């Protein structure tokens with residue numbers, strides 16, 4: 001209960017970074033690239049980019065151009081650049097995209113994320129609905145500059 005109250009008070013002014021799984025994956029990427037863990041996040045980054053393309057098509061269809069630009073900028077930094085960095089630093093291209101150990105880590109991390117969202121009483125649908133104004137602090141900052 002104390003954890004929930006603290007998070008509601010300090011984090012939930014807008015949807016925080018912790019509410020978006022993409023930021024969890026970005027932290028995973030940082031741990032991977034700096035050698036703290038060996039589980040490769042490339043598979044989920046590629047999956048995330050494909051889901052983002054779908055979200056961007058909805059934003060385009062709904063004429064949400066400013067939000068689309070912000071979305072593109074954020075995803076360039078938290079997904080596209082990490083994909084390129086992983087591809088650049090790995091020489092074993094055959095097994096780079098999918099390995100079972102990394103997939104098991106992905107499932108574990110996603111399970112922890114779901115538990116976190118349940119504790120915070122936040123709907124995943126609300127966080128990821130492209131039509132909602134569900135910006136993180138970074139998105140709000142970029143949105144105010146565009």
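Values quoted throughout were computed directly from the atomic coordinates according to the rules given, and no laboratory measurement underlies them. What you are looking at is a predicted structure, and each value in this text was computed from that prediction instead of being measured. All Cβ positions, even for glycine, are placed from backbone atoms using ideal geometry, and neighbour counts span all protein chains on display.
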Extension length gain for residue 90 and residue 69 (0.36 nm per residue less Cα distance), in nm, is 4.5 nm
In this structure, the FRET efficiency calculated for residue 83 and residue 62 from their beta-carbon separation, with R0 = 25 Å, to the nearest 0.05, is 0.40
Percent of all alpha-carbon pairs of the stretch 17-97 at distances over 17 Å, whole number, is 48
With the label point 7 Å along the Cα-to-beta-carbon line of residue 115 and a cut-off under 11 Å to each amide N, the hits in the stretch 25-68 are none
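Sort 16, 57, 50 so the one with the fewest other Cβ atoms within 10 Å of its own Cβ comes first.
Numbers: 16 17, 57 12, 50 9.
Fewest-to-most Cβ neighbours within 10 Å comes out as 50, 57, 16.
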